[in-house]
Every structure is written in structure tokens, then in C-alpha cells.
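Values quoted throughout were computed directly from the atomic coordinates according to the rules given, and no laboratory measurement underlies them. Predicted, not measured: the structure shown is a model, and the values here were computed from it. Neighbour counts run over all protein chains shown; Cβ positions are idealised from the backbone, glycine included.
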Amino acid sequence: MKHDMQTRNVDVLVIGAGVAGLSAATAAAWSGKSVVLIEKSDAIGGTACVANGSIRIPNNDLAIANGIKCDNENEVRFILSECWDCFDNDRQWCGVSRETYQRVERFVSAGQQVIRDLTLERVQAFTQLNKIFKQYFFSATDSVECARQALNAKQSPTNDELMQAASSSWDYHWENEFNTVPYGKHIWATFDWFATTTFFYRGLRSHLWHVVQNMTSIRSGSSIVDQVPKLPAKFWGFGSGLILVERFRRHLKRQKVPVLKRHELLAVTTKGNRVESVDVKSDQGQTITWQINDALILASGCFSHQLSNRHDQDSYPIKSACVASTNNGDAIRILKDVDVQVDRNPRPLLAQTVLQLAKQKCGVSHEPIFYLYGDSFFIVDRHGRRVMNEKLSYHDRAQHHVGNAEREFLFLICDRRFKERNWGFGISLPFDQKYVIHGVNESKLHEEIDRELQSNDCKFRLADDFSANLRHTKKIFNEFAQAGEDLEFGRGKNAFDVLGFMKPDRDHNFPSRTMCPLVGNELYACIYGLSTFSTHGGLICDVDSRVLNSAGNPWHNLYAVGTCAASFLNGRYPSHGMSIATGLVFGYIAGLHATSNLGRLAGSILPYQQPTLD
């Protein structure tokens, strides 16, 4: 009703306080104009708060300072060739649309400048990923050996280059011909006591009892020795995504930028190619009309939650979404009658999830299976047959569920040694071991898996030949492990297979770093379904993140950033850190462009110095 409405005036209104929205608000505020940031939930940060926070920025200053430099044109072609089947290096725009090519080019060229500006202004402080993650989690011995093998196919590395590569974080698709320097591009927010303590407190509050149960159930002394130094790793990093969010929050508070939580976008009023006003529902239930002077920047997230457990999404049998609960595609729904271009193909980013967790959390599980550490395990289908190289990256591994009803669920099979060592957040087995199924042999495991499927209201069942085939699969896998060569799927031959492996060095003498024979008759299993942690559809934008209309022309003052904008990644994921990086960079560009301040990036050419944050 009219008497319940208020009218306010603002230069730049940002909708959504994830990393992209926080970045946009930060950039817009440099102009001195009024900026308001609105968030639908009761907490800022969005999905980044539960992410490990990796940010992939080619030629970042930290990499260059360590002698790691790549060619920007090759970087553009690497991303395009990995993400677009129509890529053709000999055609104009490499065979993709001009808008796609230019957005990739803009991301690659502007990323270094955005990170430098945030650093010089003491908003953020970054470190190379290897400074925390790589040195703590990965085996130096095997990393050097594998880096040498991988780089010899591309170049003849010097000893210094080899050691740098072995201690750096690698892209998933390192073998691409355009990825001439496939490492050293990932950065993290530097350590922060408050944010890191908050991150670990949340994890311990949820899983301390599970940690105690798991540690006290270990029978092997070597597994105890293996697990004690790995306990911090059980929480999947050090909360770097939360640190990134917390530092943005502190900066915006210093800049006196209002952050209004529990405020929901209701409607957008336009005139010509301009947004004139926005209706927002406040935390008190009132409707506030914001008159927009300069720009509306939409950063309201993806539409992953619209995909979970939908029966009409047969090709994507998604069981859970590992994103903020507000990611429901609000921007697309609210702009349905506005002349904007929308890519409605979800092309979700995928991982795997534990069936019981997805059901327990009603399709919103922040405990997906990202990394399959360990060696005495394999993954089978309902017939008990292996279907993949299990060391693939999570997005590539999850593709084996897509478009095949026989693979709605897949099953990790392991021995007790693996079960004792590879549990935690985001890795092979969940914290709560009640979701791990035990069988004294293949036939009993078959019975227990079917019983678990039934108890979770699944019509899906194992095939009659599961136990017989599983017995044969285990025999063949053990032979591969003893010989050191996976003749079926080549596990261990890809650099990522080994470089994505945790410390300490292997405690067996079998030839492969990635395979060890399963010991004993008893087996353990975990049921994997499909999870999504983003979508790549959304509002189609130009290089400055302005939304395009049906004629292909940009709106004067309407921007979309983060996962509510269509992504040039096109449902692919060539490296970790791409989601946060693209949101961060294009959010910053949108904030500067909306306030006619893009020249600021061109001025970010001062020598790099890592600041000490207040």
C-alpha cells in the first residue's frame, strides 16, 4: 500500500553482498558517490563464506615477483578452448561471439590491475596459494617428479622453474597447448585470526564429535600417524573465502557504505534504456522505493536451487546445491518483462554429494565431494564396474552422472585403510561415518547399499550382477596398482592426479602415487549423487558488465556481476578459483564504470608492495 512505502535516493545501488557485490560496492565508493549494498539474507558473503577462497588471476603481482609470467593472449585462448566447443584459433574471435571473446580478454587483462588496486588501497592482502595450501597439504617429493614429467612435454624447465612449478598450485587442464605456464596463477587472502577462528569454530561446532569418533575408531598405528598432522585439513583450507568477505566488510564499514541485510529486491522500474527506481522489501516488511541516480548493479547470485531435485532436469539429476540459500535466480525473475538478454541454459558447475547428506539437508548441502584424496579406492556404477579415472577434477568427475539414468548414483568403494584416512569436509568421505556403508564382502556390501538406498526413498537399485562384477573390478584394480599402471582409465598419468594429492609421502612401495591395492575382504562404500555449486546462465553483459538488450545494445545504468550474469566459462571449469575471480574482477569493473572511474585501473601501475592491514 502507498502509505507503507518510503522513497529514498541513492547514486549506486548494489543488490547482493557476495564477493561480486562487495567488490562492486567497494569500487563504486571510491568516487565519493552514495552507495548502498542490499543483501537478502541475514549474513553477507554468500557462497564465498563456505568456499576455500582460491582466486585465479593470471600474471598477478605475486606470481611475477616469483618469476612466473604467462602470455595474456595464450591465457585468453586457453580459457576459450577449454570452455567452447566452437573454438577455432584461426577464425575471428577464435570462433566464439565477439562479446564472449572480449569479456575473456577483459578478465585476463584487468585481473592483475584489480588485485593490485585492492592491495594498494589496503582493502585486501593476498598470498600465493602455495604459501599456505601447497606447502602444507602436498608431497614435495612427488610434486617435483610429476612437475618434471608434465613440463617436459611443453618445455625444458630449469631447476628453478621445476622447483617453482612443484611448489605452486596448478590448473586442472594443464596439458592444453595454450596453457604454457599451467601453475602459479592462484592467490588467497592472507591469514586473518578473526575470520580463520570463526571458520574453524563453525566446523568444530558441527563436527568435533565426528572427529573424535573417527580418530578413536582407527585400528592402525600408521593411520594415526598419517591423520594427526592432517586434522586442520579436515575443514578444507583455512577459511580464505570468509577472510576475503570479512575484509570487504571492514573496508565498507570504514567507508560508511550502508549494508542492509534482510532486504529483498521486489521490482525494477525502467524508462527507455535506464533504470529509474527499485522497490525493495525491508527487514521490517516495508516497501522502500530507491530512486537510482547513476546505476543499479545486480549481484544476486545464480539459480542453482531451482535445479535441485527437479524431475524435468533429467540430464542433470542434481540432489543438492552447495551455494548460498538465496541463490534462486531473483534477478532473472524480476526482469522477466524488461528488455534484457538472458541465457536460460543453466550449464551448472558440478561436484558430487553424499546422498544421505543431501537428503538430510533438504537439497542444500555445503559438504560436497571436491577432492578424492587417497589411493586404495575406486568408483563404480550400479553394475559394479569402474566408469572413470577417479582422480579427475570434481567438475569433470561429476560429468559421469549427467545424461545417464544408470549413473544417477555412483559408489565409492574402499578398504579400511582408506576409510580411516580420507574423511572430512569436501574430501572423499563425510565427517559422519554413519553415512559410510560397511560389508564383510562384496555380497554383503551389495545388500547394505540397497538397504541404504531404500531407506532414503530412492527407487534406484544396484543391478543383480553388482557383487560379482565388483569382485572382478577389485581384482583388476589391485593388479593395476601392483603394476603401477591403470590400463583402463590411465589414473596417475595426468599431472593433476598426483599434484592433487595430500601429504605425507606414500607409506607403501607400490609404483603409483595414486593407486594402492585394497586389502582384506571387508569393504566400505559411499553413495555419490550430483551437486551444483553455481550456474553459468544469466543476464548477458558487455565487457563493462552492462546488461545487453535484445538488440545487443548495453543498458545505460543496469549492470550484472557474479553468477547472476551469464558466464564465459560456459558450464566448464578449467581451473579452481575461476568463479570467485570472475565475480571479483567484473564486480570491480562494474563499480568503477558505473561511477565513470575506469581510469583508476589504468593508474594501478605503481610498484607492488604487500601492505600490512589495519
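A straight chain from Gln213 to Arg250 at 0.36 nm per residue would run longer than the Cα-Cα distance by 9.5 nm.
For Lys281, the aspartates and glutamates whose Cα comes closer than 14 Å to its Cα, not counting residues fewer than 8 places off in the same chain, are Asp4, Glu39, Asp42, Glu264, Asp330.
If you fit an axis through the alpha-carbon atoms of helix 466-483 and take the longest principal axis of the Cα set of the chain, what angle between them do you get, 0 to 90°, nearest 10? Helix 466-483 sits roughly 90 degrees off the main axis of the chain. Which lysines have a Cα lying under 26 Å from the Cα of Lys459, excluding residues fewer than 8 positions away in the same chain? The reachable lysines, counting only those whose Cα sits under 26 Å from Lys459, are Lys319, Lys359, Lys361, Lys434, Lys444.
Can you list the trypsin sites (Lys or Arg not before Pro) in the stretch 216-296 that are in a DSSP coil and have 16 or fewer other beta carbons within 10 angstrom?
Working: sites: Arg219, Lys230, Lys234, Arg247, Arg249, Arg250, Lys253, Arg254, Lys256, Lys261, Arg262, Lys271, Arg274, Lys281; in loops: Arg219, Lys256, Lys261, Arg262.
Passing both the DSSP loop test and the Cβ count: Arg219, Lys256, Lys261, Arg262.
For Lys475, the aspartates and glutamates whose Cα falls under 20 Å of its own Cα, not counting residues fewer than eight places away in the same chain, are Asp375, Asp381, Glu390, Asp415, Glu442, Asp464, Asp465, Glu485, Asp486, Glu488, Glu522.
What is the gain in length, in nm to one decimal, between Asp507 and Val144 on full extension, counting 0.36 nm per residue of separation less the C-alpha to C-alpha distance? Intermediate results must be reported in sequence, preceding the final value.
Numbers: separation 363, 0.36 × 363 = 130.68 nm, distance 1.79 nm.
Using 0.36 nm per residue and subtracting the Cα-Cα distance, I get 128.9 nm.
So what is the relative contact order for the stretch 362-462, in percent, with contacts set as C-alpha pairs under 8 Å and at least six apart? Can you show the working numbers first?
Details: 116 pairs, mean separation 28.5, N = 101.
That works out to 28 percent.
Counting only DSSP H runs of at least 4 residues, each contributing -39500 (n - 2.57), and dividing by the residue count of the chain, the helix-based mean residue ellipticity at 222 nm comes to -10000 deg cm²/dmol. Cut-off 20 Å, label point 7 angstrom out along Cα-to-Cβ of Glu406: give me the residues of the stretch 432-469 whose amide nitrogen falls inside. Those under the cut-off are 446, 450, 459-469.
List the trypsin sites (Lys or Arg not before Pro) within the stretch 322-355 that fall in a DSSP loop (any state other than H, G, I, E or B) and whose Cβ has at most 15 other Cβ atoms within 10 Å.
Numbers: sites: Arg333, Lys336, Arg344; in loops: Lys336, Arg344.
When the trypsin sites (Lys or Arg not before Pro) of the stretch 322-355 are filtered for loop state and at most 15 Cβ neighbours within 10 Å, Lys336, Arg344 remain.
Which angle between 0 and 90 degrees, to the nearest 10, do you get for helix 98-120 versus the longest principal axis of the chain when only C-alpha atoms count? So the helix axis and the longest Cα principal axis differ by about 90 degrees. Taking Cα atoms only, the orientation of helix 240-254 departs from the longest principal axis of the chain by about 20 degrees. The mean sequence separation of alpha-carbon pairs under 8 Å and at least six residues apart, normalised by the residue count of the chain, gives a relative contact order of 24 percent. Determine the sum of side-chain charges near Gln102: Lys and Arg each +1, Asp and Glu each -1, restricted to other residues whose C-beta is under 11 angstrom from that of Gln102. Here the count lands on -1.
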